[in-house]
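Right, one structure below, let's go through it.
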Amino acid sequence: MATDKQTETQTDKQPTVIKKYANRRLYHTGTSTYVTLEDLAGMVRQGEDFVVFDAKTGEDITRSVLTQIIFEQENKEGQNLLPVTVLRQLIGFYGDSLQSLVPSYLEFSMENLSREQKKLREQMTQAFGPSAFQTMEEQVRKNMTFFSEAMRMFSPFAQRDGGAARPKTEAGEEGSAELQDLKRQMAEMQAKLDRLSHK
């Protein structure tokens, strides 16, 4: 039998009820105000649980509203989390015999990712201060941009008809000797691969 304290704790954890009306407006029953999808996204980030019901039918439409939030976030520039390859793979699982395993696998993976992210943030904050993680994220973004640009410049498949593109510095000169040497080596490797594939 549950104690009064346990009952209070369970009551405290009850999700907020959001009602969606025919005019597509979302009503927050806790604050008695209308909210937007962006407001709901903010609630998710703050760890606030909620459920969404169709105001007319009483149907639980939380899943479709969360999907709408993801769609809105993905359409914001610079906020894409889901690469095209992942989206294609997810679509491919619909109707597949493994479809029933995908939700539990994704849930398990996301829980692990969230746990590791929280742990890493705490460790970085304790070691280097509150702004350390933001600095690290910026550096990772810069590194990824540099890596992507390098791969684009030195791709042995780029401009094969007219020769590989020559990297230029801001002054319009060719890249350093080291970069040119790396480019030449990659071109040689591609030529060897081409010869092997034609044997």
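The values are calculated or read from the model by the stated rules, or taken from the named source; none is laboratory data. For clarity, every value in this text was computed on a predicted model and none was experimentally measured. Backbone-built Cβ (ideal geometry, glycine too); neighbour counts: all protein chains shown. The area values use the complete protein model at the heavy-atom level, side chains included, leaving out ligands, DNA and RNA. Shrake-Rupley method; radii C 1.70, N 1.55, O 1.52, S 1.80 Å.
Name the one entry in T85, T145 that is at pLDDT below 75, on the phi < 0 side of the Ramachandran plot and either within 23 Å of the chain's Cα centre (by Cα) or of a type in the set (S, T, Y) (or both).
Just one listed residue meets the conditions, T145.
Only residues that are at pLDDT 90 or above and open to solvent by 60 Å² or more (accessible area, probe 1.4 Å) were counted in the range 15-29, giving 3.
Scanning the range 36-78 for residues that are out of contact with any Leu (no Cβ under 8 Å at 6 or more places or on another chain), among the β-branched types (V, I, T), outside any helix (DSSP H, G or I) and surrounded by 12 or more Cβ atoms within 10 Å (Cβ to Cβ) yields V51, I61. Does L113 satisfy being open to solvent by 70 Å² or more (accessible area, probe 1.4 Å), out of contact with any Asp or Glu (no Cβ under 8 Å at 6 or more places or on another chain) and at pLDDT below 85? Answer is yes for this residue.
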